[in-house]
Amino acid sequence: MSDLDDNDMEIISKSDMNREVSPQLDEQLITDIIKKDAYGKNTDLTLRPDKDGLTLAGNSQSLRGDFTRMRSRINPGNLNRELLIKASKIKGKAEGLTAVDATAGLGEDAFLLAAAGFSVRLYERDPVIAALLHDALSRAAAIPDLAAIVGRMELFETDSLTALPQLGFNPDVVLLDPMFPARQKSALIKKKFQLLQQLEQPCTDEDALLHAAIASAPYKIVIKRPLKGAWLADRKPDYSLKGKTIRYDCIVLTNSGREGGLVECTKQTQRMAER
């Protein structure tokens, strides 16, 4: 999700490609960090552990991954009404579903998919955000009613642009949620996104991201966009599901596409996703 160059960060540990995030956080991560924001300005942020978990702080704000806050959303009645779950349904398949969250962030969308029964592989290239997400997963694994859900989530600290074409399997769903461009009225942006936007720039190579997702030959690509935002890489989706502030654009590939031909199927009706 991030497009920052390695030279734009200091005191941040780097990981090997396709390496799963280590259970032991790098000591360099538990320190003051200095990083340039999306506009090239130095931003002082602090990443420190406390009794509640790993916390990112800066500019009088703080951020921590916390899946316990999502309990109400994963209640069966609520979960099935989530737009993401509707958009990710695969007709005729209810078990053994697999998904790849190519821009994991703090993992909330992946958590919803896992709660719906998907086995989810998460990719996050920014080491600070990956550390926050790993910490949240570790804490949730010790909570009885969340353990089974996060047990279906596997986190990798690496760039999905490289990883997607080399998955070794064909996922049912690839989820793309590139960072939305920053708005001028920044006070309207949720606090957690204000901090995240200091770590990650908006996606600048939408074509590469979409092509990498297609190269993994999924059944469906689900793209999270602002309600009135442009299509990712100017690619018209087969159908979209719209909420109050966001929408999910869905691109469906045929079985022959999953075998490498990448031939698109005819349009699926929106009714299929809304059932």
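Structure above, values below:
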quantity	calculated
Helices (runs of 4 or more DSSP H) wholly inside region 74-157 that include at least 2 residues being surrounded by fewer than 21 Cβ atoms within 10 Å (Cβ to Cβ)	76-79, 83-88, 127-141, 144-150
Evaluation of Arg69 against (1) surrounded by 12 or more Cβ atoms within 10 Å (Cβ to Cβ); (2) at pLDDT 50 or above (one fails), failing number	(1)
Long-range neighbours under 6 Å by Cβ, at least six apart or interchain, first residue within 15 Å of Asp249 (Cβ to Cβ) and touching a residue at least 24 places away in the same chain (Cβ under 8 Å) within region 211-227, second buried (at least 22 other Cβ atoms within 10 Å of the Cβ) and among the polar types (S, T, N, Q)	Val222/Ser88
Boolean, Ala99 is touching an Asp or Glu at 6+ places or on another chain (Cβ under 8 Å), modelled with pLDDT of 80 or more and either farther than 28 Å from Ala217 by Cα or not charged (D, E, K, R) (or both)	yes
Those residues of region 42-60 which are under 22 Å from the mean Cα position of the chain (by Cα) and either surrounded by fewer than 17 Cβ atoms within 10 Å (Cβ to Cβ) or under 23 Å from Leu112 (Cβ atoms) (or both), in sequence order	Gly53, Leu54, Thr55, Leu56, Ala57
Residue that is nearest to the chain's Cα centre (by Cα), among those in region 202-246 that are crowded, with 18+ Cβ neighbours inside 10 Å and assigned to a loop (DSSP other than H, G, I, E, B)	Cys203
Positions within region 43-66 being among the acidic types (Asp, Glu) and part of a strand (DSSP E or B), in sequence order	Asp44, Asp50
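Listed here are the residues, each with its yes/no results for (1) modelled with pLDDT of 95 or more; (2) among the β-branched types (Val, Ile, Thr); (3) closer than 16 Å to Leu54 by Cβ.
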site	(1), (2), (3)
Ala110	yes, no, no
Leu122	yes, no, no
Pro127	no, no, yes
Ala130	no, no, yes
Met179	no, no, no
Leu188	no, no, no
Phe193	no, no, no
Pro202	no, no, no
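The values are calculated or read from the model by the stated rules, or taken from the named source; none is laboratory data. Model, not experiment: these values are computed from the prediction. Note that each Cβ is placed from the backbone with ideal geometry, even for glycine, and that neighbours are counted across all protein chains shown.
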